[in-house]
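**Q** Quick one: this structure, given as structure tokens, is what I'll be asking you about.
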């Protein structure tokens with residue numbers, strides 16, 4: 001039986017997956033960057049997907065956020081696997097190497113398991129920047145002044161959607177058809193993986209506890225997709241960017257699922273920085289990301305991650321998430 005406890009790991013096939021949210025520190029004479037990466041690595045026993053992640057060794061770049069120095073010349077980032085699922089793990093390493101080479105800094109990783117932890121570290125100045133979901137950005141902006149740096153542009157747009165998915169052969173063809181079924185959520189602060197299904201439930205006078213038989217947190221969008229594909233849960237709310245990426249790469253998991261509901265557009269997961277970050281360091285990081293698509297090496301990395309380029313976005317790009325928050329505020 002599935003548990004709805006926070007961050008419960010699915011039983012069965014998904015026990016063979018290693019997942020986490022990684023904060024990455026880049027430290028050196030001038031800059032330090034923290035990057036959170038949500039990823040999956042399959043063991044041989046648990047994988048039926050032909051897309052194998054490259055074996056990337058980060059053992060030489062691990063540090064705990066609590067060990068961060070006074071940070072006079074440091075910065076931090078959080079890369080969630082919103083754009084690229086499991087096989088993109090190697091591309092995150094390439095992105096970090098690229099930033100390090102351009103800013104002449106050393107990269108180190110910190111493992112974290114939730115958006116809340118990342119926001120807390122940003123608020124406490126233990127990390128300096130992050131690639132986060134729109135939900136954590138909106139909450140952090142309101143709570144402690146979290147700032148936008150840039151955002152990825154994907155397929156010419158800076159928006160994404162929440163997809164409600166079920167198994168391809170399922171007779172369920174609407175959200176209401178999931179009554180009494182098991183349903184995977186992603187993270188308590190995930191806009192597409194938690195807040196949008198909350199909104200749908202409110203529209204019909206229900207809650208997770210009254211509507212679903214089980215509603216575990218998977219911790220990652222591709223974990224939720226695989227859980228639905230393998231029949232571990234009967235439905236899930238997932239990020240459109242990851243579902244579309246896996247579909248384009250002919251993932252056997254995605255092709256075992258179908259979309260039964262699509263949300264309105266939301267602001268794409270952005271890159272954010274803590275409000276009191278040194279201006280010079282902040283601009284240096286921003287310029288590096290904004291110019292990536294102009295450099296052959298940077299362009300290749302972005303193409304592999306299915307990102308057109310990084311662009312400047314306005315805070316208003318996330319008003320649709322704020323609206324969703326207000327409409328579900330009394331839950």
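The values are calculated or read from the model by the stated rules, or taken from the named source; none is laboratory data. Please read all numbers here as calculations on a predicted model, not as lab measurements. As a convention, Cβ positions derive from the backbone with ideal geometry for all residues, glycine included, and neighbour counts pool all protein chains shown.
**Q** Is it the case that segment 294-306 has a residue that's outside any helix (DSSP H, G or I), in contact (Cβ under 8 Å) with a residue 60 or more places away in the chain and buried (at least 23 other Cβ atoms within 10 Å of the Cβ)?
**A** For segment 294-306, residues outside any helix (DSSP H, G or I), in contact (Cβ under 8 Å) with a residue 60 or more places away in the chain and buried (at least 23 other Cβ atoms within 10 Å of the Cβ): absent.
**Q** Under 7 Å between Cβ atoms, at least 6 apart or on separate chains: pull out the pairs that start in segment 198-220 with a residue that is over 19 Å from residue 163 (Cβ atoms) and end on any residue that is in a strand (DSSP E or B).
**A** If the second residue must be in a strand (DSSP E or B), the pairs left are 213/182; 214/182.
**Q** Being assigned to a strand (DSSP E or B), modelled with pLDDT of 95 or more and within 22 Å of the chain's Cα centre (by Cα) is the filter here; which residues of segment 192-238 pass it?
**A** Matches in segment 192-238: 235, 236, 237, 238.
**Q** Name the one entry in 127, 164 that is in contact (Cβ under 8 Å) with a residue 40 or more places away in the chain, in contact with a strand residue (DSSP E or B) (Cβ under 7 Å, 6 or more places away or on another chain), surrounded by 21 or more Cβ atoms within 10 Å (Cβ to Cβ) and assigned to a loop (DSSP other than H, G, I, E, B).
**A** 127
**Q** As an exercise: evaluate residue 214 against (1) within 28 Å of residue 132 (Cα to Cα); (2) touching a helix residue (DSSP H, G or I) at 6+ places or on another chain (Cβ under 9 Å) and give the number of the one condition it does not meet.
**A** Answer for residue 214: the failing condition is (2).
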